[in-house]
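Before any comments, here is the structure.
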Amino acid sequence: MKLKSSAVAHPNIALIKYWGRAVDHPSYLNIPTNDTVSMTKESIESSKTGIDLITHTTIEFSENFSKDTAFLKTNNELSVFDQSQMKRILAVVNPLKELANVDLHFKMVSENKFPTAAGLASSASAFAALATCTSNALNLGLDNTELSKYARLGSGSAARSIHGGFVWWKKGNSHDTSYAEQICACNEFNIAAVIAVINREEKEVISNVGHDSAHSSVFNPIKIKESERQCVEIREAIMNDDFTTVGKITEKNCLYMHSVMMTSDPPLFYWNPNTLRVMKRVTKLRYQYFQTAKLLKEGVKQKEKEGIECYFTVDAGPNIHCFCRTEDIEGVQGFLGDIGIPESDIVKVKQADYGSKIIEDHLF
Ligand code: DP6
């Protein structure tokens, strides 16, 4: 048995959101109330910006270890994960140890290939990488479906980061039936995103709190029902390279989730004034784009093309993803600059070819 392995994984951005755990299952299983859809993302021009949206993790099991240890590596320095993070790490590693019938302690080191204080930290890439290298170190040889189930035990959205491209997480109704599958790698689908990093701090209220309180919102049943329908529609649109429909559904679903957040008990407000500024800018750019297109169609001469077709989505924090076609990335960046978002707070992303994979490069 090799007992040591490393993996890398990309984060993902949800188009149809996970917000709320199914109440009829134990909460540690992280079974969502509705199916969700995401795009696994990687940074564009990572060598130029120094931001590579990837988590690299190494784990080793050995009889020489007298206890389990886990470290976060930042700028070549190691810091110990706190108790609540360790609990989530054990939620992934322990069931895999049981499956492999291995009773050894481990050492784990995880590194994000982007500045830690960039507001981009992702538990999805972290737990996807952890499940992947642990399974390999323990010689389990699990396929992506199985890895997705174990990644989910660390963080729900990590179930999706096992795959590249566009991904569908079937909510299922047990540990064995709740996992993500790839919709398509569809690199021919012309889509990219520009992230405006509004706040580099950690989330004020962690998602776990919201997954429990979502049920207190009267809008939650509507969000669940609509999300199920939207998953089917968005998959169709992704397969048909229909950017407009993908964008519209993505933005609607984000607003449904935030309506639930804001009307839960206690209410959760994740936006700040800059988030709203970007939202308004995106909707205005889109309005201008469609107006110009309409006038052109009617044969009315236009001085120049106005606006850009773009759509936003926001997770449990103030940072905002603006989806656009690849050729419009610079344009969106320019408009964000106009409203005061500096270039240093902008990260450009595209769909990633893979979610998680084993690599030979060990961190210790
Ligand atoms: C709003 O429980 O997966 O991003 O707190 O990072 O572990 P962590 O997140 P998780 O909830 C994700 C919530 C979301 C929507 C989504 O990704 O589907």
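Observations
- Residue tally, condition in a loop (DSSP other than H, G, I, E, B), buried (at least 17 other Cβ atoms within 10 Å of the Cβ) and charged (D, E, K, R), over region 25-51: 1
- Residue under evaluation V278, criteria (1) hydrophobic (A, V, I, L, M, F, W, C); (2) modelled with pLDDT of 95 or more; (3) more than 30 Å from N144 (Cβ to Cβ); (4) in contact with a Ser or Thr (Cβ under 7 Å, 6 or more places away or on another chain), criterion not met: (4)
- The lone exception for G164 - which of (1) within 25 Å of C133 (Cβ to Cβ); (2) within 15 Å of the chain's Cα centre (by Cα); (3) within 14 Å of the ligand (Cβ to nearest atom); (4) crowded, with 23+ Cβ neighbours inside 10 Å it fails: (3)
- Failed criterion for L120 (all others in (1) modelled with pLDDT of 95 or more; (2) buried (at least 20 other Cβ atoms within 10 Å of the Cβ) hold): (1)
- Restricting region 299-320 to residues that are over 23 Å from the mean Cα position of the chain (by Cα) and hydrophobic (A, V, I, L, M, F, W, C), the residue that is modelled with the highest pLDDT: I308
The rows are residues; the columns are (1) touching a Lys or Arg at 6+ places or on another chain (Cβ under 7 Å); (2) under 23 Å from C186 (Cα atoms).
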{"residue": "S213", "(1), (2)": "no, no"}
{"residue": "I249", "(1), (2)": "no, yes"}
{"residue": "G299", "(1), (2)": "no, no"}
{"residue": "Y311", "(1), (2)": "yes, yes"}
{"residue": "P318", "(1), (2)": "no, no"}
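- Look at region 320-339: where a residue is closer than 19 Å to T275 by Cβ and a partner is among the polar types (S, T, N, Q) and in a helix (DSSP H, G or I), sitting 6+ places away or on another chain with Cβ atoms under 6 Å, you get I320/T275.
- When the criteria are applied in full, E188 fails the requirement of being within 13 Å of the ligand (Cβ to nearest atom), modelled with pLDDT under 95 and over 22 Å from A129 (Cβ atoms).
- Qualifying positions in region 1-24 - part of a loop (DSSP other than H, G, I, E, B) and either modelled with pLDDT of 95 or more or near the ligand (Cβ under 9 Å from one of its atoms) (or both): L3, H10, P11, K17, Y18, W19, G20, A22
Matching residues to (1) surrounded by fewer than 21 Cβ atoms within 10 Å (Cβ to Cβ); (2) more than 17 Å from the chain's Cα centre (by Cα); (3) at pLDDT 95 or above; (4) part of a helix (DSSP H, G or I):
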{"site": "C322", "(1), (2), (3), (4)": "no, no, yes, no"}
{"site": "E327", "(1), (2), (3), (4)": "yes, yes, yes, yes"}
{"site": "G340", "(1), (2), (3), (4)": "yes, yes, no, no"}
{"site": "S344", "(1), (2), (3), (4)": "yes, yes, no, yes"}
{"site": "K350", "(1), (2), (3), (4)": "yes, no, yes, no"}
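- Filter result for N30 (within 16 Å of the ligand (Cβ to nearest atom), of a type outside the set (G, A, S), farther than 24 Å from I359 by Cα and under 21 Å from the mean Cα position of the chain (by Cα)): yes
- From L153, L120, L142, L138, residue being within 20 Å of Q351 (Cβ to Cβ) and not basic (K, R): L120
The values are calculated or read from the model by the stated rules, or taken from the named source; none is laboratory data. The structure displayed is predicted, hence computed values, not measured ones. Cβ coordinates were reconstructed from backbone atoms using ideal geometry, including for glycine residues, and neighbour counts include every protein chain displayed.
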